[in-house]
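Novice: This structure is in structure tokens; I'll ask about it shortly.
Readers should treat all values here as calculations from the given coordinates under stated rules, not as data from a laboratory. For clarity, every value in this text was computed on a predicted model and none was experimentally measured. So basically every Cβ, Gly included, is an ideal-geometry build from the backbone, and we count neighbours across all protein chains shown.
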Amino acid sequence: MTDNSVSLERIPQHVGIIMDGNGRWALARGQPRLAGHRAGVENLRRTITATVEFGIKYLTIYAFSTENWGRPPEEIRGLMFLLDEVLEKELDELHRQGVQLRHIGRLEGLAPHTQEMVREAIRMTRNNTRLVLNVAFNYGGRAEIVHAIRRMIADGVRPENVTEELVNQYLYTAGQPDPDLIIRTAGEIRVSNFLLWQAAYAEYYAANVYWPDFDKNEYRRALEHFASRERRFGLTSAQVQVQG
Ligand code: FPP
């Protein structure tokens, strides 16, 4: 089902979300940080459903960055546990909704059983076409570019053959369109190493609510903001209007 209740002229093909503010959401309620992450997972489920309803085809969520390893050990354990739990409990429902699950980042570094569950989830959902969901877990934009360069060198790519198109093919998101819109919650306006290469021409939108409170109305507001923006890709406004 596509959500037609919003007349959005332009729906982005690919949305990226930096889910920020779980800790502050919990703190504001006198709860431990992990309760905020749990509420974050609940909201993720609602957001995926809304993404399908809006007719968006690609969603990339920033769940655990390469920098997050610096957090207190019990918080890291909690986030790993939540990932396992999501894979165990939510996979069937995601599959039923037609979601194709992908992972971006380094699987190495996660527990072997988690790696296996992620691989199995990717295998199981690989033919789904409703929504491609990239879960950025143990992800960093710079690490991704370094990894791509290393692989190009290992493949013997000659310097004169290195093009933007070729780099694209070596990124975790190979074959996917670039994100059109990056949403960050909790009012922060920072890129935080998320999709550095791919977001070259993305619109950024800062939502002034913590991630667990980012509901469908907030999502719609972000999409309306996107629809009202003129994307120029380096051209002048007049040129873009001529191109229609
Ligand atoms: C940012 O809030 C959120 C994270 C670092 C983790 C996001 C994770 C989830 C929503 C749950 C895990 C997801 C999966 C797929 C298992 P913060 O802790 O930085 O909040 P703060 O800035 O208020 O402290």
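Novice: Quick check: anything in the stretch 94-101 within 21 Å of Ala202 (Cα to Cα), basic (Lys, Arg) and out of contact with any helix residue (DSSP H, G or I) (no Cβ under 6 Å at 6 or more places or on another chain)? Even if it seems obvious, please write down each step before you answer.
Specialist: Within the stretch 94-101, the first condition is being within 21 Å of Ala202 (Cα to Cα), and the residues that meet it are none.
No: the stretch 94-101 contains no residue that is within 21 Å of Ala202 (Cα to Cα), basic (Lys, Arg) and out of contact with any helix residue (DSSP H, G or I) (no Cβ under 6 Å at 6 or more places or on another chain).
Novice: Does Leu44 fit the bill of being touching a Leu at 6+ places or on another chain (Cβ under 7 Å), under 25 Å from Ala202 (Cβ atoms), within 11 Å of the ligand (Cβ to nearest atom) and not small (Gly, Ala, Ser)?
Specialist: Values: touching a Leu at 6+ places or on another chain (Cβ under 7 Å): no; under 25 Å from Ala202 (Cβ atoms): yes; within 11 Å of the ligand (Cβ to nearest atom): yes; not small (Gly, Ala, Ser): yes.
So Leu44 does not fit the description; no.
Novice: Could I ask something else about it? Looking only at the stretch 7-34, count every residue that is more than 7 Å from the ligand (Cβ to nearest atom) and crowded, with 22+ Cβ neighbours inside 10 Å and tell me the total.
Specialist: 6
Novice: Here's a follow-up. Quick check on the stretch 150-166. Is at least one of its residues more than 11 Å from the ligand (Cβ to nearest atom), within 20 Å of the chain's Cα centre (by Cα), part of a helix (DSSP H, G or I) and surrounded by fewer than 18 Cβ atoms within 10 Å (Cβ to Cβ)?
Specialist: Within the stretch 150-166, the first condition is being more than 11 Å from the ligand (Cβ to nearest atom), and the residues that meet it are 150-166.
Still in the list and also within 20 Å of the chain's Cα centre (by Cα): none.
There is no residue in the stretch 150-166 that is more than 11 Å from the ligand (Cβ to nearest atom), within 20 Å of the chain's Cα centre (by Cα), part of a helix (DSSP H, G or I) and surrounded by fewer than 18 Cβ atoms within 10 Å (Cβ to Cβ).
Novice: Only one of Glu74, Glu85 is more than 8 Å from the ligand (Cβ to nearest atom) and either at negative phi or basic (Lys, Arg) (or both); which? It would help to see each step written out before you state the result.
Specialist: Details: Glu85 fails: more than 8 Å from the ligand (Cβ to nearest atom).
The match here is Glu74.
Novice: Residues Ala207, Ala222, Ala200: which one is exposed (fewer than 15 other Cβ atoms within 10 Å of the Cβ) and hydrophobic (A, V, I, L, M, F, W, C)?
Specialist: Numbers: Ala207 fails: exposed (fewer than 15 other Cβ atoms within 10 Å of the Cβ); Ala222 fails: exposed (fewer than 15 other Cβ atoms within 10 Å of the Cβ).
Ala200 is the lone residue from the list that is exposed (fewer than 15 other Cβ atoms within 10 Å of the Cβ) and hydrophobic (A, V, I, L, M, F, W, C).
Novice: Of these, Thr51, Thr66, which one is more than 8 Å from the ligand (Cβ to nearest atom) and buried (at least 19 other Cβ atoms within 10 Å of the Cβ)? Working first, answer last.
Specialist: Values: Thr66 fails: buried (at least 19 other Cβ atoms within 10 Å of the Cβ).
So the residue among Thr51, Thr66 that is more than 8 Å from the ligand (Cβ to nearest atom) and buried (at least 19 other Cβ atoms within 10 Å of the Cβ) is Thr51.
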